[in-house]
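Input: a single structure, listed below in structure tokens.
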Amino acid sequence: MTLVHHARFTAIDFESTGAAPGRTDHPVQVGLATWSAAQGHHGAFVSYLSTDQPIQRTAHKVHGIGPERLLDAPSLLMLWPDLKSRLAGAVVVAHGKGTEKRFLRAFPGHGFGPWLDTLLLARAAWPSMPDHSLGALCESHGLTAQVRALVPGKSWHDALFDAVASLVLLTHLVETHALQDHPILALTQPDTSTWHQSRRSLS
């Protein structure tokens, strides 16, 4: 089984239109970045995405992406060859992987994975933390400055910034918990039972 220090981790993040009544949301930006013990952080990629759906006001307040930024943007399908080359053979990383897995269903049978969810991993590693959002975790562990150095001029809810942040969080967790020589299964299937118990005790 592949060990953490031999694996390639590629993070992906989408920003979306937001869901409207009777409609599902659509991606408007995708960001990817890669980290491995051998090569460090590399392979940054970001693109706006065309859509025929309006961007909801609530979504715009979060990511600040307006329709003017999507003019002449490629479709997600047009980016398929690039996405495939970046994700194939990698451990795919996302913070709260549900959205990313859902949007990648546009490519049935793509075979990407295994998936590593840094939200679940953080809950297993630090179950008593009150907030496991990506921004809160990076702030509490002093990682935000490193993310800003890797993605200058961007901030939270930019797809590339959030993708890189999930990798920075992952590398911090691997280093602080000495997981370099563990199989990647230790990361892709974390034990969140302590976090669930703490949640039940608060309810």
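For this structure, a couple of remarks:
- Placing unit charges on each Cβ (+1 for Lys and Arg, -1 for Asp and Glu) gives region 4-202 a dipole about its Cα centre, and among Trp126, Val164, Pro54 the Cα reaching farthest toward its positive end belongs to Pro54.
- Estimated purely from DSSP H runs of n ≥ 4, each contributing -39500 (n - 2.57), the mean residue ellipticity at 222 nm for the chain is -10000 deg cm²/dmol once divided by its residues.
- Label point distance in nm, Leu202-Met129, each placed 7 Å from Cα along Cα→Cβ: 1.3
- Straight-line reach from Lys101: taking Cα to Cα under 20 Å and skipping same-chain neighbours fewer than 8 places apart, the aspartates and glutamates in range are Asp13, Glu15, Asp25, Asp82, Asp117, Asp158, Asp162.
- Average Cα contact separation per residue, the chain, under 8 Å, 6 or more apart, as relative contact order %: 27
- Ordered by the count of other Cβ atoms within 10 Å of each Cβ, fewest first, His5, His95, His41 give His5, His41, His95.
- For Gly96, the residues 5 or more places off, or on other chains, whose built amide H falls under 5 Å of its own are Thr118, Leu119, Leu120.
- Among 158-168, 30-40, 109-119, 79-89, the peptide with the highest mean count of other Cβ atoms within 10 Å heads the list, and the full ranking is 158-168, 30-40, 109-119, 79-89.
- Net length gained if the chain between Arg102 and Thr24 were fully extended (0.36 nm per residue, minus Cα distance): 27.0 nm
- Size of charge dipole - the chain - debye, nearest 20, with Cβ of Lys, Arg +1 and Asp, Glu -1, no other charges: 340
Since every read-out is calculated from the coordinates, none of them should be taken as a lab result. Predicted, not measured: the structure shown is a model, and the values here were computed from it. Every residue, glycine as well, gets a Cβ built from its backbone with ideal geometry; the counts of neighbours run over all protein chains shown.
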